[in-house]
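The values are calculated or read from the model by the stated rules, or taken from the named source; none is laboratory data. Just so it is clear, the structure is predicted and the values come from calculations on it, not from any experiment. When we count neighbours, we look across all protein chains shown, and the Cβ atoms used for this are built from the backbone with ideal geometry, even at glycine. Quick note on the areas: whole protein, heavy atoms, side chains included, nothing else; ligands and nucleic acids left out. Shrake-Rupley method; radii C 1.70, N 1.55, O 1.52, S 1.80 Å.
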Amino acid sequence: MLRKLFIAAAFAAIAALPAGASHGISGQTGTQSLLMPGVSYERDVEFTPHGPVVLDVVTAPRPDGTTYTLTPVLSNNAVVATEKLTDMQKELSTTSTVVGVNGDFFATDPGKPSGILMRGGVLDTAPLSSRSSLGIGGDGTLTVAQVSFDGSWRGTGQRRQLDLNAAPVKGHTTLYTSSWGPETPAESGVVIDVLPSLPSLQPSHIVTGVVAQVLDHGPVPIPPGGAVLVARGGQAPHLAAEAPAGTTVALRPTLTPNWSGMASAIGGGPLLVSGGKPVFRARESFGDPVLNRRSARSAVAQLSDGRILLVTVEGGGSSYSAGMTNYELAVALVRLGARTAMGLGSGTSAAMAFDGTLLTRAIEQPVADALMLSYSGVYAAPPLSTTLSPNGDGVDDVQTFSYKLVRPSQVTATVVGPDRSTFTLAQDGETAGVHTLQWDGKVAVEGSWRFSVTATDDLGHPTTADRQFAVNQTLGFLQVTPKGAGVTATFQLARAAAVTVTVEKGNGIVLATLLSKKLDPGTQSVAWGGPAGSGYRVRIVATNAIGKATLLSPLNSRRS
């Protein structure tokens, strides 16, 4: 349980990253932070005539299908369902570390994505030909195109059209695979063929199954690894006559263009960037309110060197973020270096999260599917404290490191100092899961240090994760004691430093600056005559050539 708390605290720190400086219009960017090896996160702010606009940007390596994978995730592993993005990520946490955004547009009831969903080369839903789809190649290349679907079934007669995992339509025949959910829709006056076993449905491949049972109403349980054909209206007699029990039925799903070589695909749209240029009008089936209204939006893009961008523009309030139109987002993506890009779902469903923690600010809404960038190597959480201060004052005297393995691995964990001194903290075979290490740093040289963990998993794949921290004993022994109507903060300086002492609210808003100047080594004190109740705290920051050290204490308590 303690190990989980360490990781949760680290994730919470990432989610609380402050907004960066302006980007885009002024050309400035916010500070990048490391989410996981090779994957960075940046929150940018553009100041526009319509108000500030916040963009959350993740930059990741080309998804090679081994260490890094870009793939759609279906909510609750069912077409007819919705789920929060963070919950989808938590379900994946034992097999990978993930960052992702919301996926396709979808109907709230029952939650079906509007376009294509293909995972591992297997079709779950058909594309919407009037909108763009995103194909993800096995080599990590992204392709955006308008794709059409032609599905057919054949028993003892001719080929006949079918829909795939779709809501019932009068006069249509629909194939329901186990991706749809546990059972078919409730219907009467229909013909239903149950296929207990059916190979996975891949584009441009013919698969066959034997009809085991014929029924006239639903819902009907969908066999795991099998499928159910439902024919309605004028198509019902054809299914009854040409596919009675015992008949071998051939099914052929065809995509145009031929995407049989794609590893996965997801719907959305419209096309935003083509050949490195923003697309002003993609001529896809979206109404003006969807495209031209400023709103929260998400997108996926690829840079010329193959790296991936996941971008969410936040919206919903001009005081925090006014959102963007579709074309404004396209322009922003080009500024970020996108060569090709496609939009995803917009509005309240637009969100970005890392390993189960939201990075965007808006209240999270359930979605039908998501697009996830997964990392299967060793992940090191940010250290619980950015500064190790082993001076015996009881604050930050010990540094705690946490890392996650998704497969059994041979692990070496070290800390390396500014003088290249190296201490080995672990060197052993370890099981999958979260592991923690502690280091007191009593013999450490002050300055910038690096925690590094290298893991070679049972498949022979080596990965490394690093985190930076500092060893700094300049500041310590903070005590806050009542004095008259106020309090006095006393602290020790081990060496000269520029010191700032502030009083702030619990949310970080500064109420008063009590001190801001260079101080010599020794015992220092500063008085505060204001309120000393709960919700107020004193922050002391000491900066010198070694780095920056910080101590924080509530004004109604004592730290020693």
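Quick notes on this structure:
- In region 438-450, the qualifying residues are those that are assigned to a strand (DSSP E or B) and touching a Pro at 6+ places or on another chain (Cβ under 6 Å), and the one that is most open to solvent (accessible area, probe 1.4 Å) is 448.
- When residues of region 172-203 are limited to those that are in a loop (DSSP other than H, G, I, E, B) and over 29 Å from residue 256 (Cβ atoms), the one most open to solvent (accessible area, probe 1.4 Å): 182
- Per-region count, region 524-550, residues of a type in the set (S, T, N, Q) and buried (at least 16 other Cβ atoms within 10 Å of the Cβ): 4
- Count - residues of region 497-523 that are open to solvent by less than 40 Å² (accessible area, probe 1.4 Å) and within 17 Å of residue 478 (Cα to Cα): 9
Conditions tested, residue by residue: (1) of a type in the set (Asp, Glu); (2) within 30 Å of residue 165 (Cβ to Cβ).
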position: 33; (1), (2): no, no
position: 46; (1), (2): yes, no
position: 63; (1), (2): no, yes
position: 68; (1), (2): no, yes
position: 73; (1), (2): no, yes
position: 77; (1), (2): no, yes
position: 84; (1), (2): no, yes
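- Residue in region 373-380 that is at positive phi and either touching a residue at least 60 places away in the same chain (Cβ under 8 Å) or in contact with a Lys or Arg (Cβ under 9 Å, 6 or more places away or on another chain) (or both) present: no
- Residue check, residue 225 on the phi > 0 side of the Ramachandran plot and out of contact with any strand residue (DSSP E or B) (no Cβ under 7 Å at 6 or more places or on another chain): yes
- For region 428-437, the criterion of being open to solvent by 20 Å² or more (accessible area, probe 1.4 Å), in a strand (DSSP E or B), touching a residue at least 60 places away in the same chain (Cβ under 8 Å) and under 30 Å from residue 491 (Cβ atoms) is met by at least one residue.
- Whichever residue in region 390-403 is among the polar types (S, T, N, Q) and modelled with pLDDT of 95 or more and, among such residues, is farthest from residue 444 (Cα to Cα): 402
- When region 485-496 is filtered for residues that are surrounded by 11 or more Cβ atoms within 10 Å (Cβ to Cβ) and farther than 17 Å from residue 554 by Cβ, the ones remaining, listed by number, are 492, 493, 494, 495, 496.
- Here residue 166 passes the criteria (1) touching a helix residue (DSSP H, G or I) at 6+ places or on another chain (Cβ under 6 Å); (2) assigned to a loop (DSSP other than H, G, I, E, B); (3) surrounded by 14 or more Cβ atoms within 10 Å (Cβ to Cβ) except the one numbered (1).
- Count - residues of region 451-486 that are within 21 Å of residue 417 (Cα to Cα) and of a type in the set (Phe, Trp, Tyr): 2
- Applying a threshold of 9 Å to beta carbon distances and a minimum spacing of six or more residues, or different chains, the list of pairs starting in region 277-288 at a residue that is under 27 Å from residue 304 (Cβ atoms) and ending at one that is in a loop (DSSP other than H, G, I, E, B) and polar (S, T, N, Q) reads 284/130.
- If the condition is being at positive phi and touching a residue at least 12 places away in the same chain (Cβ under 8 Å), then region 477-516 contributes 477, 484.
- Search result, residues across region 380-416 that are charged (D, E, K, R) and surrounded by fewer than 22 Cβ atoms within 10 Å (Cβ to Cβ): 393, 397, 407
- Screening region 305-342 for residues that are of a type in the set (Ser, Thr, Tyr) and in a strand (DSSP E or B) and picking the one that is modelled with the lowest pLDDT gives 321.
- Flag for residue 150 being of a type in the set (D, E, K, R), assigned to a strand (DSSP E or B) and open to solvent by 30 Å² or more (accessible area, probe 1.4 Å): yes
- Test result for residue 423, touching a residue at least 12 places away in the same chain (Cβ under 8 Å), open to solvent by 10 Å² or more (accessible area, probe 1.4 Å), of a type outside the set (D, E, K, R) and more than 30 Å from residue 518 (Cα to Cα): yes
- Residues within region 404-426 that are of a type in the set (Phe, Trp, Tyr) and touching a Lys or Arg at 6+ places or on another chain (Cβ under 9 Å), tallied: 0
- Selection of first residues in region 211-233 that are buried (at least 20 other Cβ atoms within 10 Å of the Cβ) and of second residues that are aromatic (Phe, Trp, Tyr) and assigned to a strand (DSSP E or B), restricted to Cβ pairs under 8 Å at least 6 apart or on distinct chains, gives the following pairs, ordered by first then second residue: 222/176; 227/176; 228/176; 229/153; 229/176; 230/176.
- Lone qualifier among 64, 109 - being without any contact (Cβ under 8 Å) to a residue 60 or more places away in the chain, open to solvent by 10 Å² or more (accessible area, probe 1.4 Å), assigned to a loop (DSSP other than H, G, I, E, B) and among the acidic types (Asp, Glu): 109
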